[in-house]
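Participant: The structure's right below; bear with me while I get my questions together.
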Amino acid sequence: MVGPGVEVAGVVKADAYGHGGLEVSRVLLAEGARWLAVSSVEEGVQLRTGGIRDARILVMGGFLPYEGEAVVEHNLTPAVHSMSQIRDVDRLASASGRPIAYHLKIDSGMGRLGSRAGAEEIVETLVETRNARLEGLMTHFASAADYTSTQTVEQSSYFKGICDYLRAAGVRAPYLHTSSTIAIGYGRTEDWNTLVRAGHALYGYVSPARGDAPRQALDVRPALTWKAKLLAVKEIPEGALVGYGGSFRAPRAMRIGILGAGYADGMFHRLSNRGKVIADGKLTAILGTVSMDLTTIDLSHTEALGVGDEVTLLGTEGEATLDAQQIAKVAGTISYNILCSISARVHRVYV
Ligand SMILES: *Cc1c(COP(=O)(O)O)cnc(C)c1O
């Protein structure tokens, strides 16, 4: 979608949003990605020691003083968030005898990571730090999906102002990058620059926009299906209570199923008595409270499922679909949170 002039860094932080950092990275590299992005040095080291050698790895959270050696040893590319960190990279580079590339993150108005230093101060720091190599300038948008807000335009123009000043001062940074999934999907082409950082879209999601947004143009589908097995199926009489606190009382005789998945697997506790799963091709209700390891569901609509059979917690079965955005709405959170919460205990199968 971004075209040949723009590189795509595959964002594989948080174990690739729960999908498996190494497995996803291998696929992305096989598809031609040259950049991956992670959150921490530790995540970068895990990719390197897992055999990801050829890709550049941007560490978006930067590094702490004790992580400098690992940055050098594993050839990671840190995002740097202050002038003093540029000096840290410079010292690290002169101590290790190699130039170290870094990307300087500008806080253009999100008020999270990034330097608030003005362009002149940045140029002064760059002049003093000849061993560190500025390879990229980056920023991150706070409200890219909100077309009722002017924040993105303001952030974009602040960032552009810094980039223009630096260019005029003779500073060359081959990579300028600001856009993640939403700015890609809604076609903020002027913000794509030379690199975009795509996470959510790789896993099949683009969040809905607010206000007068252009058409969302990324054609993606959820990459992940999540299933759990029935540990028991039984009949309960009218009036029977289900689960901790007896928060569900059967309004009639019912058939129920007890799934081997609970909040320790990533089933949000907030789905208690509200969420749904797909059983035998139909959406059906979660009954009572979600427990640590178990979730009880209504199976009154089918006699087809028994012990050991699978129920879909996230995915599509026949006509019924349940994706992370739908689950997030019921759980009172965002789709990213649903995906990242599927815990390590859930066995991953790659097909
Ligand atoms: C997580 C992250 C991204 C990726 O965002 P998506 O919305 O998942 O595409 C990009 N940039 C930064 C700085 C991030 O932290």
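Participant: Going through Val89, Val59, Val71 one at a time, which residue ends up being among the β-branched types (Val, Ile, Thr), buried (at least 18 other Cβ atoms within 10 Å of the Cβ) and within 22 Å of the chain's Cα centre (by Cα)? If you could, list the steps in order and put the result at the bottom.
Facilitator: Numbers: Val89 fails: within 22 Å of the chain's Cα centre (by Cα); Val71 fails: within 22 Å of the chain's Cα centre (by Cα).
Just a single option satisfies the conditions, and that option is Val59.
Participant: On to the next question. Return the total of residues in the stretch 170-188 being part of a loop (DSSP other than H, G, I, E, B) and either among the small types (Gly, Ala, Ser) or away from the ligand (no atom under 14 Å from the Cβ) (or both).
Facilitator: 7
Participant: Related question: What tally of residues in the stretch 289-322 results from selecting those that are surrounded by 18 or more Cβ atoms within 10 Å (Cβ to Cβ) and either under 30 Å from the mean Cα position of the chain (by Cα) or at pLDDT below 95 (or both)?
Facilitator: 13
Participant: Quick test for you: out of Trp226, Trp192, pick the one residue that is surrounded by 12 or more Cβ atoms within 10 Å (Cβ to Cβ), more than 18 Å from the chain's Cα centre (by Cα) and aromatic (Phe, Trp, Tyr). Write out each step before concluding.
Facilitator: Numbers: Trp226 fails: more than 18 Å from the chain's Cα centre (by Cα).
The conditions single out Trp192.
Participant: Please indicate, with yes or no, whether at least one residue in the stretch 92-107 is part of a helix (DSSP H, G or I) and within 16 Å of the ligand (Cβ to nearest atom).
Facilitator: Within the stretch 92-107, none of the residues are part of a helix (DSSP H, G or I) and within 16 Å of the ligand (Cβ to nearest atom).
Participant: Let me ask something else about it. Among the residues of the stretch 274-283, is any over 22 Å from Gly204 (Cα atoms), surrounded by 15 or more Cβ atoms within 10 Å (Cβ to Cβ), among the basic types (Lys, Arg) and under 30 Å from the mean Cα position of the chain (by Cα)?
Facilitator: Among the residues of the stretch 274-283, at least one is over 22 Å from Gly204 (Cα atoms), surrounded by 15 or more Cβ atoms within 10 Å (Cβ to Cβ), among the basic types (Lys, Arg) and under 30 Å from the mean Cα position of the chain (by Cα), which makes the answer yes.
Participant: Here's another thing I want to ask about it. Restricting attention to the stretch 134-150, which residues are touching a residue at least 40 places away in the same chain (Cβ under 8 Å), surrounded by fewer than 18 Cβ atoms within 10 Å (Cβ to Cβ) and under 22 Å from the mean Cα position of the chain (by Cα)?
Facilitator: Residues satisfying the conditions are Asp146, Tyr147.
Participant: Given the structure, is Thr312 in a strand (DSSP E or B), assigned by TED's automatic domain parsing to the domain that holds Glu235 and touching a strand residue (DSSP E or B) at 6+ places or on another chain (Cβ under 6 Å)?
Facilitator: Criteria met by Thr312.
Participant: How many of the residues in the stretch 189-218 are among the basic types (Lys, Arg) and within 11 Å of the ligand (Cβ to nearest atom)?
Facilitator: Counting residues in the stretch 189-218 that are among the basic types (Lys, Arg) and within 11 Å of the ligand (Cβ to nearest atom) gives 1.
Residue-wise test of (1) among the polar types (S, T, N, Q); (2) part of a loop (DSSP other than H, G, I, E, B).
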| site | (1), (2) |
| --- | --- |
| Ala264 | no, yes |
| Arg274 | no, yes |
| Ile278 | no, no |
| Thr284 | yes, no |
| Val290 | no, yes |
| Asp293 | no, yes |
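The values are calculated or read from the model by the stated rules, or taken from the named source; none is laboratory data. These figures come from a predicted structure and were not determined experimentally. All Cβ positions, glycine included, derive from the backbone under ideal geometry; neighbour counts span all protein chains shown.
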